[in-house]
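In what follows, a structure is listed as structure tokens, so that the remarks can point back to it.
No lab work stands behind these numbers, since they all come straight from the coordinates. It should be emphasised that the depicted structure is a prediction, and the values quoted were computed from it without experimental measurement. Positions of Cβ are backbone-derived with ideal geometry, glycine not excepted, and every protein chain shown enters the neighbour counts.
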Ligand SMILES: Nc1ncnc2c1ncn2[C@@H]1O[C@H](COP(=O)(O)OP(=O)(O)OP(=O)(O)O)[C@@H](O)[C@H]1O
């Protein structure tokens with residue numbers, strides 16, 4: 001990678017009101033004094049690596065994945081099959097251990113926990129909802145008994161208190177009528193909502209869900225998603241949902257895409273109010289991820305359309321970085337093609 005212009009080696013003077021290069025350098029230096037990565041996040045994945053070895057063949061399921069999730073967030077993870085989503089969820093659930101990197105959830109270090117701490121973590125800190133009902137609910141227990149079971153296993157609450165807490169959870173998720181039914185007497189959507197109640201039984205900090213609406217029609221999926229939203233809003237539970245369901249991904253404020261074992265892009269949605277009409281609308285914007293080494297994954301369709309490969313030219317401007325194809329490369333778009341920089345990284 002070649003930089004077209006280095007700070008301090010010339011280039012146009014900043015326009016009035018724009019920061020000087022000395023100012024940009026000062027800002028860069030102060031960035032270096034920032035607190036540790038993810039110090040205030042509830043979930044911190046720092047250059048997470050997971051390598052599986054089967055019959056001597058290595059698969060790098062996670063390849064230095066960075067992810068921060070704030071307390072109280074409700075967010076979605078998306079990505080093609082094999083991109084590493086389930087591997088990440090299994091690590092966050094305390095069911096698998098990363099090969100390298102760091103992972104912390106609610107202050108617990110997922111790499112160094114011993115078996116006892118791991119058990120406590122799975123019982124008290126995280127709850128999970130899987131796609132397959134059989135993994136979520138015991139078939140011979142009623143919905144209420146399924147919800148009280150994790151409380152019983154944890155201990156500390158009397159029977160009446162457990163029953164009351166289970167009733168409250170089922171009621172919050174609009175499942176009062178299912179209280180005394182066994183899983184086979186519940187619809188698919190009711191089963192998944194009961195699974196959410198079970199996952200919330202011990203009031204975890206984090207609720208993880210892997211394809212929770214994968215086997216449901218869109219109307220039922222919507223009801224299940226509403227249950228997640230209720231848990232997030234009423235109990236403040238931080239929720240991470242892996243999904244292929246675009247409708248679910250569109251409902252949350254932040255959707256993180258994973259590609260080849262790394263976070264590659266994020267879509268943030270926020271409500272904006274039109275200053276003139278006062279009308280509110282939801283605006284979604286896609287961001288590329290800049291990792292802590294400064295690496296940026298440019299979308300393949302952007303780079304291929306401009307013939308970018310291996311080397312690019314960078315240009316630092318006061319408010320963005322321009323990314324240009326290497327004019328010496330075979331097949332690269334020649335300078336003057338198009339009418340602007342090949343790619344830009346505003347604010348990067
Ligand atoms: N236990 C394992 N042993 C060997 N390879 C594995 C194992 N688990 C996952 N992998 C491999 O790691 C990569 C990531 O798999 P993972 O299941 O995390 O992807 P995914 O994004 O969840 O896919 P899907 O959406 O299909 O569930 C894949 O190449 C997969 O084959």
Gaussian network model of the chain, springs between alpha carbon atoms under 10 Å - residue of 322, 79, 214 with greatest fluctuation: 322
Where only C-alpha atoms are counted, convex hull volume of the chain per residue in Å³: 205
Mean-position separation - Cα centroids, region 95-114 and region 19-49, in angstrom: 22
Burial ordering of 45, 178, fewest other beta-carbon atoms within 10 Å first: 178, 45
Helix axis angle, 188-199 relative to the chain longest principal axis, alpha carbon, degrees: 90
C-alpha center-to-center spacing [region 280-318, region 172-245] in angstrom: 36
Gaussian network model of the chain, Cα within-10 Å springs - most flexible of 190, 222, 18: 18
Cβ crowding within 10 Å averaged over residues, with 144-153, 278-287 ranked highest first: 144-153, 278-287
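Rounded to the nearest 5, what % of the DSSP beta bridges within the chain are antiparallel ones?
70
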Residue with peak Gaussian network fluctuation, the chain [Cα springs, cutoff 10 Å], from 195, 115, 221: 115
Between helix 159-172 and the chain: long-axis angle, C-alpha atoms, 0 to 90°, nearest 10: 50
The chain, helix-only ellipticity at 222 nm - DSSP H runs n ≥ 4, -39,500 (n - 2.57), divided by all residues, nearest 500: -8000 deg cm²/dmol
On Cα atoms only, tilt of 143-154 relative to the major axis of the chain in degrees: 80
Ranked packing of 121-131, 300-310, most packed first, by mean Cβ within 10 Å: 121-131, 300-310
